[in-house]
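Written below as structure tokens is the structure these notes are about.
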Amino acid sequence: MKAFDSAYLRLTGWYVLIIMVISLMFSVWVHSQATREIRMSVDRIVQESPLVRVFPGRFQAVIEEHVQDSHRRLIVRLVSLNALVLAVGAIASYGLARRTLRPIEESVEAQHRFTADASHELRTPLAAMKAEIEVGLRDKKLTKNEAVGLLRSSLEEVDRLEHLAEGLLVLTQADAVRPLTPVSLEEIAAKVTRRLQALAEAKHIAVKRQLKPVIVPAEEAAVDKIISILLDNAIKYSPAHTEITLKTYQKDGHGFLKVEDHGIGIRSSELPHIFDRFYRADSSRSVASVAGHGLGLSIAKRLAESINATIDVKSGPGKGSEFTLRF
Ligand code: ADP
């Protein structure tokens, strides 16, 4: 991202400045200490050497030259050291600046993608609604029945938009930190099943419950939402007169919840993407009656992560799907 290039350079500049201030202060200190040492050793030589005391004029010039020479060498070494610190410091600072800013850049990029995806999804129903209304307004002989039909169709689009807006809101809140308390998995599963019973019955789908008592550390509202999404999908993507099984059980010290259906299934090439935002498998797009925006599973996954759980899936076209929530 362009905005971040200058931020990288500015942060590198600050790091280099701090390193150089420390290095120069250190050099000044070394210089003053070394100069004092040289002076003190020269004074010692002068005091201890009888020859120098007898002929001070002759030796003074030689000693002074020595002192100047040592001083020059000290300065050259300190300047070289600072040049080296500057070169190494600049490279290290740039690396450090990248490391510091990378997570921020990634989150800004993710936000941009989210906004772009969301506006793309919002545009489609809005464009459909606009086109219908414009055609209706242009039709001078529009009957009352046709107008009612048009309003109904617009209402459907408004419903879709409302559903999408809700999904987007839940998605933005899905990463929130949640307090984990012991919750009963089978009780929440039973509650969700009762709530979605009418939806299943409308398609003559039997929801079988095999619920064993399981207590897990989680947040009830998050678990409720995840199970609702998985069960709702199982109903949506199953043909009429099939069976869905909901299981809760404990194994190897972990709590599990499984939703098994005998629906259309998912191709193995599409499996890695189904938890992506706005992703809908081709198979589900072709089922015109199945409404959705491809947000459910991405919400479920993020909610699961926020309560330290994972979601796995096994599925095959025509074989049905099995989603497992593991605590
Ligand atoms: P939506 O259902 O709104 O399309 P989701 O994020 O819940 O979005 O699901 C993403 C995609 O994963 C769906 O479009 C569908 O293709 C596939 N999918 C999810 N659950 C199932 C299931 N139980 N059976 C078959 N396909 C499924």
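Nothing in this text is a laboratory measurement; each read-out follows from the coordinates by a stated rule. What you see is a predicted model; the values in this text were computed from it and never measured. Here the Cβ positions follow ideal geometry from the backbone for every residue, glycine too, while neighbour counts run over all protein chains shown.
Considering every pair of different Cα atoms, what Kirkwood radius, in Å, is found for the stretch 1-151?
23.1 Å
Based on C-alpha coordinates, I'd like the Rg and Dmax of the stretch 117-178, in Å.
My reading of the Cα-based Rg and Dmax gives 15.9, 57 Å.
Work out from phi, with θ = phi - 60° and the Karplus expression 6.51 cos²θ - 1.76 cosθ + 1.60, the ³J(HN,Hα) of each residue of the stretch 40-53, listed in order in whole Hz, and give x for Gly and Pro.
Result, rounded to whole Hz: 5, 5, 5, 4, 4, 4, 4, 6, 7, 9, x, 4, 5, 5.
Tell me, in nm to one decimal, what length is gained between L161 and V46 on full extension, where the rule is 0.36 nm per residue of separation less the Cα-Cα distance?
Gain in length upon complete extension: 31.9 nm.
Can you tell me, using C-alpha contacts under 8 Å and at least 6 residues apart, the relative contact order of the stretch 211-324 as a whole percent?
Relative contact order here is 32 percent.
Residue by residue through the stretch 60-68, which ³J(HN,Hα) values in whole Hz follow from phi under the Karplus form 6.51 cos²θ - 1.76 cosθ + 1.60 (θ = phi - 60°), with glycine and proline marked x?
Along the stretch 60-68, the couplings run 4, 5, 5, 4, 4, 4, 4, 4, 4 Hz.
How big is the convex hull of the Cα atoms of the stretch 164-292, per residue, in Å³?
Convex hull of Cα atoms, per residue: 127 Å³.
Fewest to most neighbouring Cβ within 10 Å: what's the order for L196, L169?
L169, L196
Just name one of L84, H31, G57: the one whose Cα is farthest towards the positive end of the charge dipole of the stretch 4-111 (beta-carbon charges, Lys/Arg +1, Asp/Glu -1).
G57
How far is helix 185-202 tilted, in degrees, relative to the longest principal axis of the Cα atoms in the chain, given as a value from 0 to 90 rounded to the nearest 10?
The helix 185-202 is inclined about 40 degrees to the chain.
Run the numbers for E243 and W14: contour at 0.36 nm per residue of separation, minus the present Cα-Cα distance, in nm.
76.1 nm
Kindly list the residues of the stretch 1-18 that lie in the label zone of V108, defined by a backbone N under 12 Å from the point 7 Å along the Cα-to-C-beta vector.
1-11
Cα-based Rg of the stretch 20-89 per 2.2 N^0.38 Å, rounded to two decimals?
Taking the Cα Rg and dividing by 2.2 N^0.38 Å, one obtains 1.45.
Whole-Å semi-axes of the chain's equivalent ellipsoid, largest first, each the root of 5 times a Cα gyration tensor eigenvalue?
Semi-axes (√(5λ), whole Å): 75, 29, 15.
What is the magnitude of the charge dipole of the chain about its Cα centre, with +1 placed on the Cβ of each Lys and Arg, -1 on the Cβ of each Asp and Glu, and no other charges, expressed in debye to the nearest 20?
Approximately 340 debye in magnitude.
In the chain, if the dipole is taken from +1 on Lys/Arg beta carbons and -1 on Asp/Glu beta carbons about the Cα centre, which of T324, H66, P125 is farthest to the positive end?
The one lying farthest along the dipole's positive direction is H66.
List, largest first, the extents of the alpha carbons of the stretch 128-212 along their principal axes, each in whole Å.
64, 37, 14
For the stretch 1-42, what value does the Rg/Rh ratio take when both radii are computed over Cα atoms and Rh is the Kirkwood radius, given to two decimals?
Ratio of gyration radius to Kirkwood radius for the stretch 1-42: 1.43.
Normalised by the residues of the chain, what does the relative contact order come to in percent, with Cα pairs under 8 Å and at least six apart?
14 percent
Quick check: Cα centre of the stretch 92-140 to Cα centre of the stretch 25-62, how many Å?
Going from one Cα centre to the other spans 73 Å.
Springs between alpha-carbon pairs under 10 angstrom, Gaussian network model over the chain: which of I188, I18, I229 fluctuates most?
Per the Cα network of the chain with a 10 Å cutoff, I18 tops the list.
Per-residue ellipticity at 222 nm for the chain, helices alone: DSSP H runs ≥ 4 residues times -39500 (n - 2.57), over residue total, nearest 500 deg cm²/dmol?
My calculation for the chain gives -23500 deg cm²/dmol from helical runs alone.
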